[in-house]
Amino acid sequence: MPSHPFYAKLVEPGFVSKHQSANYGEVAKGISLPSSAGLKQEVRTGGWPPGHPVRERLWKEILKINENNNATVEHYQEEVERLFGHDRGYVMEPNMPFVDPEFKPTYHLNEQGKAALYRVLWVIHAHQPQISYCPLLWPLCAILLHYMEEEVVYAFLCMLLRHSMPASDRNDDWRCIPQTRIAAATFSMVLAKLIHKYQRTVYNSLLNSNHRQIENLCSNWHRWIFEDLPFEYAVRFVDCYFVEGIKVFFRISMAIVHFYVAGSDSRRSGDAPQAIRQFCKTCRVPCQTILNTAFGFRRFSKSYLLGSNGSANPGLISKPQQ
């Protein structure tokens, strides 16, 4: 059994070596996932580093790879054959509309890993051309490829895209990632409203920093989480997302804004969007502290998310628009 949980053929050797564990095999065999009732709390507070053996098992348990997913894996293999033939070497970097050309984190993937990332995204584009804008697909795919084969990653992403998160509330549209520009803008709008509702002092501080279009500030939330903060933070946030759904990203973004405003330079900044990104890039707030704050917001109701101002229709966030 390997001494690490990574799909090593796709990940930079230095990163794999850094997170190796001499007793990984024994630890992995002894891991038992908590019951569904305790899983949320365990994921929130477990403090699992990137190389912890529980993550590989947790994600595959969430995905529940079984007969129902065989067709998805087989479809991926067929599509790769059709699009690329037998050569899995060079693959052109994706430039389809749903990719944000300025938001392409690859983290610790090696060249093979990047090629696998490109293949997965090309197949998604070929199979689901109705997705017009989905910047989260790139970082989620890249993170998953650190731990799983590309066929399994494809199945996982298809699961997210068709709203079938295997968690306690399967019919919750807010478990789906935004797939259009309207949906992305709606997400930012709701985040701004949540800050106003739950963090009035923070909201007013942002207004006083000469950044009066707070929704524009909030439009960078995905960059804070998946590009500016370290991989070690992003992977733990993704753990929570896979278990609890996309509302986790609202919580984490609110916590990031909280700590940014608490910083000594926040009120003096005339360029809040850049300042908050710089804060994340040099963040000294421990990941667990961000999570504790994120999950400390009380009465964070789904009904408020779905009905915020009457315009944050969950269908806009979850369903591709023609």
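The values are calculated or read from the model by the stated rules, or taken from the named source; none is laboratory data. Only a predicted model underlies this, so the values are computations on that prediction, with no experimental measurement involved. Please note: Cβ atoms are built from the backbone with ideal geometry, for glycine as well, and neighbour counts cover all protein chains shown. With ligands, DNA and RNA removed, areas are computed over all heavy atoms of the protein, side chains included. Shrake-Rupley method; radii C 1.70, N 1.55, O 1.52, S 1.80 Å.
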Ser308, sole failed condition from (1) closer than 26 Å to Phe103 by Cα; (2) modelled with pLDDT under 60; (3) over 20 Å from the mean Cα position of the chain (by Cα); (4) open to solvent by less than 50 Å² (accessible area, probe 1.4 Å):
(1)
Could you grab me the full set of residues in segment 66-102 that are open to solvent by less than 60 Å² (accessible area, probe 1.4 Å), in a helix (DSSP H, G or I) and at pLDDT 85 or above?
His75, Tyr76, Glu79, Val80, Phe84
(1) outside any helix (DSSP H, G or I); (2) at pLDDT below 90: which one isn't true of Tyr147, the others all being true?
(2)
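Among the candidates Pro105, Pro139, single out the residue that is outside any loop (DSSP other than H, G, I, E, B), out of contact with any Leu (no Cβ under 8 Å at 6 or more places or on another chain) and within 22 Å of Ile246 (Cβ to Cβ). Don't jump to the end; show me each part of the working.
Values: Pro105 fails: outside any loop (DSSP other than H, G, I, E, B).
Exactly one of Pro105, Pro139 is outside any loop (DSSP other than H, G, I, E, B), out of contact with any Leu (no Cβ under 8 Å at 6 or more places or on another chain) and within 22 Å of Ile246 (Cβ to Cβ), namely Pro139.
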